[in-house]
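Comments concern the structure below.
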Amino acid sequence: MKKLLTICLISFSLASFAQDLQDAKRCEGSEPSYINRMPGFYISDCKNSDYNDIEFIYYVSGKANKISKGGKHYNISYRKNEVESRKFSSAQINQNYYNAIVKVKGTALDDRKTTFSAGINGKEVYIQVHTAANSTDSKSYSIEVLEVDVMQQDIVVNMQEAIDRDGKAALYGILFDIGKSDIKPESAEALKQITDYLNANPAVKIYIVGHTDNTGTFTSNITLSKARAESIKSFLVSTARISDARLAADGVGPLCPVSTNATDEGRKLNRRVEIVKQ
């Protein structure tokens, strides 16, 4: 699959070696290995992350649809070389990516051929191309690529130690889809930490407090954070067999950030669940 996708884009026209030399230095090696760019373009910017929750919005027959997934995220901006004389329309750029995706048995999700899905190298991959609408000579365009994956849990909490010291513990391993309160299966380890702590401390009662970043409206974030806390409480009662009388669930939305909401990294830290000793 990897070979097919790369060949299809290169067959349109080979990019020059001089083009690659103009890539923004910090973006060297930022492209997915299985897909290249349009000829005559260089990378002007990139905002990649090993894991991010991404929402793709696309239109079918005028109706908005969306896909919310998490995984390795590529966000790459391209600009045309000043010495490149060829003119590439926005439709031509979209069609070129479409042809490449179809070659690997992928599909376009929208009418304008800007959003695609495919199985590549054993992974579920989504690609969205952003061009200036109806341009006959695009000077720039960008792509987003998401390789769906489970987030590696890097933050490990010793709940007993954290609660004894601070009266609370922040958990980042309880995962939800964007805008939803259903607990994802990969949250099992973090939920086990709560269960183990409560079983080891049978007299302790806790508050389960949901937190969000500031993306979206205040009201929706408050509602969502409460719903997520309630989902965790329901799990602890129904599955972990913790007494309902020991648990209280609530949410404060974006009211108690632990970092800035101006960056992806800061928003990631603000999206959390806290276990607070009553």
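The values are calculated or read from the model by the stated rules, or taken from the named source; none is laboratory data. Only a predicted model underlies this, so the values are computations on that prediction, with no experimental measurement involved. Counting neighbours? That spans all protein chains shown, and the Cβs are built from the backbone with ideal geometry, glycine included.
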Checklist entry - hydroxyl-bearing (Ser, Thr, Tyr) and surrounded by 20 or more Cβ atoms within 10 Å (Cβ to Cβ) - does that describe any residue in the range 237-244? => result no
Item to check | Selection count, the range 186-207, where residues are of a type in the set (A, V, I, L, M) and farther than 14 Å from Val237 by Cα | outcome: 5
Checklist entry - Just for the range 231-278: of the residues that are acidic (Asp, Glu) and part of a helix (DSSP H, G or I), which one is farthest from Phe218 (Cα to Cα)? => result Asp244
Checklist outcome for this item: Those residues of the range 111-142 which are more than 20 Å from the chain's Cα centre (by Cα) and of a type in the set (Asp, Glu) amount to Asp111, Asp137
Next on the checklist: Just to be sure before I move on: is Ala248 closer than 16 Å to Leu198 by Cα and not assigned by TED's automatic domain parsing to the domain that holds Asp53 in the structure I sent?
Outcome noted: yes
Checklist entry - What about Asn121, is it of a type outside the set (Asp, Glu), assigned by TED's automatic domain parsing to the domain that holds Ser68 and on the phi > 0 side of the Ramachandran plot? => result yes
Item to check | strands (runs of 3 or more DSSP E) (entirely within the range 1-114) containing at least 2 residues that are modelled with pLDDT under 90 | outcome: 49-60, 63-80
Checklist outcome for this item: Cβ pairs under 6 Å, 6+ apart or interchain, first in the range 136-148 and of a type in the set (Asp, Glu), second in a loop (DSSP other than H, G, I, E, B), ordered by first then second residue, are Asp137/Lys87
Item to check | Selected residue (criterion: farthest from Thr219 (Cα to Cα)) from residues of the range 158-201 that are part of a strand (DSSP E or B) and of a type in the set (A, V, I, L, M) | outcome: Ala169
Checklist entry - Residues in the range 57-72: is at least one crowded, with 20+ Cβ neighbours inside 10 Å, free of Cβ contacts under 8 Å to residues at least 60 places away in the same chain and over 16 Å from the mean Cα position of the chain (by Cα)? => result no
Checklist entry - In this structure, is Gly216 at pLDDT 95 or above, of a type outside the set (A, V, I, L, M) and either under 26 Å from the mean Cα position of the chain (by Cα) or surrounded by 18 or more Cβ atoms within 10 Å (Cβ to Cβ) (or both)? => result no
Item to check | Filtered residue count, the range 108-119, keeping only those that are in contact with a helix residue (DSSP H, G or I) (Cβ under 7 Å, 6 or more places away or on another chain) and more than 17 Å from Gly62 (Cβ to Cβ) | outcome: 2
